[in-house]
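Undergrad: Attaching a single structure in structure tokens format; questions to follow.
The values are calculated or read from the model by the stated rules, or taken from the named source; none is laboratory data. Keep in mind that this is a model prediction, so the values were computed, not measured. As a convention, Cβ positions derive from the backbone with ideal geometry for all residues, glycine included, and neighbour counts pool all protein chains shown. Accessible surface is based on the protein model in full, side chains and every heavy atom, while ligands, DNA and RNA are left aside. Shrake-Rupley method; radii C 1.70, N 1.55, O 1.52, S 1.80 Å.
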Amino acid sequence: AQSVTQPDIHITVSEGASLELRCNYSYGATPYLFWYVQSPGQGLQLLLKYFSGDTLVQGIKGFEAEFKRSQSSFNLRKPSVHWSDAAEYFCAVGVPYSSASKIIFGSGTRLSIRP
Amino acid sequence: SAVISQKPSRDICQRGTSLTIQCQVDSQVTMMFWYRQQPGQSLTLIATANQGSEATYESGFVIDKFPISRPNLTFSTLTVSNMSPEDSSIYLCSGEGQVGTETQYFGPGTRLLVL
């Protein structure tokens with residue numbers, strides 16, 4: 001069965017420090033992979049997505065993610081975090097379903113920023 | 001990208017009553033999805049709503065409890081029936097932004113508290 005694992009429940013980093021959020025997936029074929037961010041009291045915003053091609057994907061707000069098939073991973077990175085990056089981050093895998101995809105979400109990683 | 005709005009944004013309801021949540025998309029989408037996010041948890045797919053056919057429910061969710069309508073390509077409703085405190089959650093809808101992109105865009109969510 002398809003699944004997504006985010007091993008870190010909560011991460012705290014200092015403002016200006018680099019960030020890496022881990023994500024591992026389980027899926028039999030080449031997956032569609034996503035990172036979403038949910039700020040307090042807000043809906044989900046798509047940060048970036050991987051479908052095929054270049055394994056290093058650039059997203060909004062200075063985020064990037066790298067797809068590593070050999071490790072079944074899709075880790076999210078940012079070179080320098082800002083206080084506004086404090087939020088919940090969800091990794092997700094898209095499973096083809098009819099003409100769209102069902103999205104299976106990981107459990108999320110809460111990011112706190114230390115001043 | 002598609003812009004999705006939901007009404008109401010939040011509500012407090014009494015046990016045993018029902019609430020209908022509306023989801024409006026600013027463009028036509030083939031598939032719409034309804035998710036539940038219980039407090040402190042990730043998102044769980046409730047059902048997929050395809051225009052002109054009955055919704056497809058995920059394991060653990062039934063039509064009698066969560067009836068869904070999809071009258072056209074830009075609108076859907078989810079009803080939470082005979083509510084109990086365990087139904088207190090955020091309910092989010094999503095739609096595929098563009099056919100073939102396999103990308104879902106989310107509404108801001110409806111925060112439901114059942115007393």
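Undergrad: Does the range B:40-63 hold any residues that are within 20 Å of B:Thr110 (Cβ to Cβ) and among the acidic types (Asp, Glu), and which are they?
TA: B:Glu58
Undergrad: Residues that are in contact with a Leu (Cβ under 9 Å, 6 or more places away or on another chain), buried (at least 20 other Cβ atoms within 10 Å of the Cβ) and within 12 Å of chain A (Cβ to nearest Cβ): does the range B:22-31 have at least one?
TA: yes
Undergrad: Something else about it: Could you grab me the full set of residues in the range B:1-36 that are out of contact with any Gly (no Cβ under 6 Å at 6 or more places or on another chain), part of a loop (DSSP other than H, G, I, E, B) and aliphatic (A, V, I, L, M)?
TA: B:Val3
Undergrad: Could we say that B:Pro39 is assigned to a loop (DSSP other than H, G, I, E, B), closer than 15 Å to A:Gly43 by Cβ and touching a residue at least 24 places away in the same chain (Cβ under 8 Å) here?
TA: No: the conditions fail for B:Pro39.
Undergrad: A further question on this structure: When you scan the range A:36-84 for strands (runs of 3 or more DSSP E) that lie fully inside it, which ones turn up with 2 or more residues that are in contact (Cβ under 8 Å) with a residue 12 or more places away in the chain?
TA: So the answer is A:44-50, A:64-68, A:73-78.
Undergrad: In addition: So for the range B:95-108 (the condition being under 13 Å from the mean Cα position of the chain (by Cα), within 9 Å of another protein chain (Cβ to nearest Cβ), open to solvent by 50 Å² or more (accessible area, probe 1.4 Å) and under 16 Å from B:Pro8 (Cβ atoms)), does at least one residue qualify?
TA: Yes.
Undergrad: Of the conditions (1) farther than 12 Å from A:Tyr36 by Cα; (2) within 10 Å of another protein chain (Cβ to nearest Cβ); (3) touching a strand residue (DSSP E or B) at 6+ places or on another chain (Cβ under 7 Å), A:Glu66 clears all except one; give me its number.
TA: (2)
Undergrad: Another question, if that's okay. Those residues that are in a loop (DSSP other than H, G, I, E, B) and open to solvent by 50 Å² or more (accessible area, probe 1.4 Å), I need them from the range A:13-35; list them, please.
TA: Once the filter is applied, which keeps residues that are in a loop (DSSP other than H, G, I, E, B) and open to solvent by 50 Å² or more (accessible area, probe 1.4 Å), the range A:13-35 yields A:Glu15, A:Ser18, A:Arg22, A:Tyr27, A:Gly28, A:Ala29, A:Thr30.
Undergrad: In the range B:60-74, what count of residues is obtained for those that are assigned to a loop (DSSP other than H, G, I, E, B), among the aliphatic types (A, V, I, L, M) and at pLDDT 95 or above?
TA: Here the count works out to 2.
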